[in-house]
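Below is one structure; the comments refer to it alone.
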C-alpha cells in the first residue's frame, strides 16, 4: 500500500516538473535497473500490487511494453489475463443459484427410478411433491437411473369444456395363458380422469355392456354425454338403455380412435404399466388385476393433466418417515409417510 501511495504522489509531482527533468530521472532509473540486474541475476519476485500496476498500465498503453526491462511482455499479459479471470470469478460468486439437492433426496430419486422402471421424471416428481419434498423436475431427471428407453409421447387434450359431464367407454382384448381372448370394458370420467368402472367377460353382448354402464354410473350421478366408438357390440339394447338413463350418446366417426383419446390413452397405460408385464390365467384373475390397477390409478398414480395429482386428490405429506408399499406384485410402488 505504501508503494502505491508513493507512486500516486510521484505521478502528481511529475505534472509540475519540466520534460528535461523527467527524462533525466528516467535515464537514472534505467541505469539503476541495469545495476540491479547485474547484482541479482536470479529471478525477481513480484507481489500482487506490482503485477496490478504493470499489467494495468501496459494494458492501457501498449507502447509501454518496450520499456519493460526486468520482466517479459508475455509475463505481463499473463498477469492481466489472470486478473481478468479472478475478477469474473469473484463477480460470479455474488449470484444465488439453485439450492443443492441433498444426498438423501438423490438416493430417494434413484430408489424410485430403479424400483419403477416404467416411471419417468414427471411421475417421480409428482410423488416427491406428495411427500413434501420441493425439488425441480429437471433435478429429478438429472439424478434418475439412466436407461435406454424411448421418450414418452403425450396426447393433446381434445375435450376441455364441460369435462365433468363427459364419460368415455371403450372395450379392449386381453389374451390368456391358454390363448383364449377375454374382453375388458372401461368407463372413465373426463373431469378428473377417474376410472369409474372395469368389467371383464368372455362373451361381450349389448345387454352386458348396458348393465356395466348402469352399475358404473347408477341412476343419480350420470354423465351428460357418453363418448364411444362404433363397435358392433353396442346393439339396440345398449342404445335404449343409454336413452332411458338420460345420457346423450355420442359415437365417434368410423376409424377415428383419436376422437376418444382419453379412453384410448387409458387403455394404453393399462397395457404398458400392467398387462404387458403379467400373464393372465383367466377371467377371475384378469378382473382382480384390473381392479387392483384401478385402485392404484385413482388413488395413487399422479397425472400431468392434474398438476401432478391423482384423480382422487392426494394430500401432500411433509412429516414422519417415508414408507414404500409394493403394488401389483412390485410392478409399481406407493410412497407415503407414516
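FYI, it's all coordinate maths here, none of it is from the lab. Note that this is a predicted model, so its numbers are computed, not measured. Heads up, the Cβs are rebuilt from the backbone with ideal geometry, glycines too, and the neighbour counts pull from every protein chain shown.
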Next item on the list: Residue by residue through region 315-338, note down the ones that are under 20 Å from the mean Cα position of the chain (by Cα) and outside any strand (DSSP E or B).
Entry: 316
Note to self: Just checking, does region 182-192 include any residue being assigned to a helix (DSSP H, G or I), touching a helix residue (DSSP H, G or I) at 6+ places or on another chain (Cβ under 8 Å) and surrounded by 21 or more Cβ atoms within 10 Å (Cβ to Cβ)?
What the structure shows: no
Next item on the list: Test residue 212 against the criterion of being touching a helix residue (DSSP H, G or I) at 6+ places or on another chain (Cβ under 7 Å) and closer than 28 Å to residue 276 by Cα, and give yes or no.
Entry: no
Check: Of the residues in region 199-218, how many are surrounded by 17 or more Cβ atoms within 10 Å (Cβ to Cβ), more than 24 Å from residue 280 (Cβ to Cβ) and free of Cβ contacts under 8 Å to residues at least 40 places away in the same chain?
Finding: 2
Check: If you take the residues in region 277-293 that are touching a helix residue (DSSP H, G or I) at 6+ places or on another chain (Cβ under 9 Å) and under 22 Å from residue 112 (Cα atoms), which one is surrounded by the fewest Cβ atoms within 10 Å (Cβ to Cβ)?
Finding: 278
Next item on the list: Could you tell me whether any residue of region 295-302 is surrounded by fewer than 17 Cβ atoms within 10 Å (Cβ to Cβ) and in contact with a helix residue (DSSP H, G or I) (Cβ under 8 Å, 6 or more places away or on another chain)?
Entry: no
Note to self: If I ask for residues that are within 23 Å of residue 290 (Cα to Cα), assigned to a helix (DSSP H, G or I) and in contact (Cβ under 8 Å) with a residue 12 or more places away in the chain, which ones from region 220-270 would you list?
What the structure shows: 257, 260, 261, 262, 263, 264, 265, 266, 267, 269, 270
